[in-house]
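Below is one structure; the comments refer to it alone.
The values are calculated or read from the model by the stated rules, or taken from the named source; none is laboratory data. Since this is a predicted model, take the numbers as computed values, not measurements. Cβ atoms come from the backbone with ideal geometry, glycine included; neighbour counts cover every protein chain shown.
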Amino acid sequence: MRNFSMLKWLGLSLFAILLDQGTKLAIDSSMKLYQSIPVLPFFKLTYVHNTGAAFSFLSEAGGWQRWFFAGLALAISCGIAVWLARLKQHETLLAVALSLVLGGAIGNLIDRLAYGYVIDFLDVYYQTWHWPAFNIADSAITLGVILMLLESFGLVKSKDTAE
């Protein structure tokens, strides 16, 4: 029988989803599309809709990408949930990483299903160069992937490495 104790990390996924959806609702209800609010010399809140994937990939594809990316996010989320359930007790860092990726994937999936696009609003820039706008879900996915890479390359180790 499997040990499902690592599923406790789904709480972190839920936190990421709630934070992501809450911030998106706040932006949608308080800003106009394409409105920017300067926050720091290198950061603005800029409300945009992204019909594509990361960095607006396939955003002009004609609409089919909505269902493609939604299906992909759903399949990946199911795979991550199974992976999370199969982790060993000492694989805490990997559990945190997977939970963040899962929460981010579901946060953006909710947008795709509800609106047909993802709400992005975090705008980091230097002079006239702008990183593509992103959101909390994207940040959770990015942090999760970074943690997975650190763990896989052995740059961060668990205190208990027993199997």
Please enumerate the residues belonging to the range 83-123 that are without any contact (Cβ under 8 Å) to a residue 60 or more places away in the chain and over 16 Å from Ser139 (Cα atoms).
Trp83, Leu94, Arg112, Leu113, Ala114
Identify, please: which residue in the range 7-45 is more than 20 Å from the chain's Cα centre (by Cα) and part of a helix (DSSP H, G or I) and is, among those, surrounded by the most Cβ atoms within 10 Å (Cβ to Cβ)?
Ser30
If you check Gly116 against the conditions, is it exposed (fewer than 12 other Cβ atoms within 10 Å of the Cβ), more than 13 Å from Ser13 (Cβ to Cβ) and at pLDDT below 95?
no
